[in-house]
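The values are calculated or read from the model by the stated rules, or taken from the named source; none is laboratory data. Note that the coordinates shown come from a computational prediction; the quantities given were computed from them, not determined experimentally. Cβ placement follows ideal geometry from the backbone for every residue including glycine, while neighbour counts extend to all protein chains displayed. Areas reflect the complete protein model, heavy atoms only, side chains present, ligands, DNA and RNA absent. Shrake-Rupley method; radii C 1.70, N 1.55, O 1.52, S 1.80 Å.
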Amino acid sequence: ISHQENTGKTVAFFYLTANGSVNVRKSFDYVPKMIELAGGKYVFENLGDRDSRASTMNMQMEDFYVAEKDADILIYNGTIEGELNSVDELIAKNSLFADFKAVQSGDVYTTGGNFYQETSATCDFIEDLNKILTDSGDTDYRFIQKLK
């Protein structure tokens, strides 16, 4: 995978908090690096302070919308606030998601609850991402589920 060309596809990795804000990974975190290794591009290029110990940050939905509405792929981090079962559940959390490019094209995914529990399987997550980014047709994912 690491020898393949970057697909140029943009990926948003996030979850919605109980108070309605959006939690995203900072650009220098390991999740954006895994997206890059898989052949994608994390939408936020320079988000967060490198010197900060926190790997995530919250933002208002309106700011997230402006930055992410044209992302090619949305991945909802179902580990923290719970997995989603459908795109309709995502839209029910905030109706702005209906306008997102990835929602309209059907490129919305969620991670399972075991995502952070199996750090030894990082390569499997990168492989899952690569299957999505390259449209390989292989939908046998270990950590990701496509939402319908």
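Within the range 94-117, restricting attention to residues that are assigned to a helix (DSSP H, G or I) and at pLDDT below 95, the residue that is surrounded by the most Cβ atoms within 10 Å (Cβ to Cβ) is Phe115. Residues of the range 24-73 being of a type in the set (A, V, I, L, M, F, W, C), assigned to a loop (DSSP other than H, G, I, E, B) and closer than 27 Å to Ser95 by Cβ, which ones? Those that are of a type in the set (A, V, I, L, M, F, W, C), assigned to a loop (DSSP other than H, G, I, E, B) and closer than 27 Å to Ser95 by Cβ: Val43, Phe44, Leu47, Ala71. Of everything listed in (1) open to solvent by 90 Å² or more (accessible area, probe 1.4 Å); (2) touching a Gly at 6+ places or on another chain (Cβ under 9 Å); (3) under 26 Å from Ser136 (Cα atoms), the single unmet condition for Glu36 is (2). When you scan the range 60-79, do you find a residue that is more than 24 Å from Gln104 (Cβ to Cβ) and either touching a helix residue (DSSP H, G or I) at 6+ places or on another chain (Cβ under 6 Å) or not basic (Lys, Arg) (or both), even just one? Yes, some residue in the range 60-79 is more than 24 Å from Gln104 (Cβ to Cβ) and either touching a helix residue (DSSP H, G or I) at 6+ places or on another chain (Cβ under 6 Å) or not basic (Lys, Arg) (or both). Take the range 1-14 and flag every residue that is assigned to a strand (DSSP E or B) and farther than 15 Å from Leu96 by Cβ. Of everything in the range 1-14, those that are assigned to a strand (DSSP E or B) and farther than 15 Å from Leu96 by Cβ turn out to be Thr10, Val11, Phe13.
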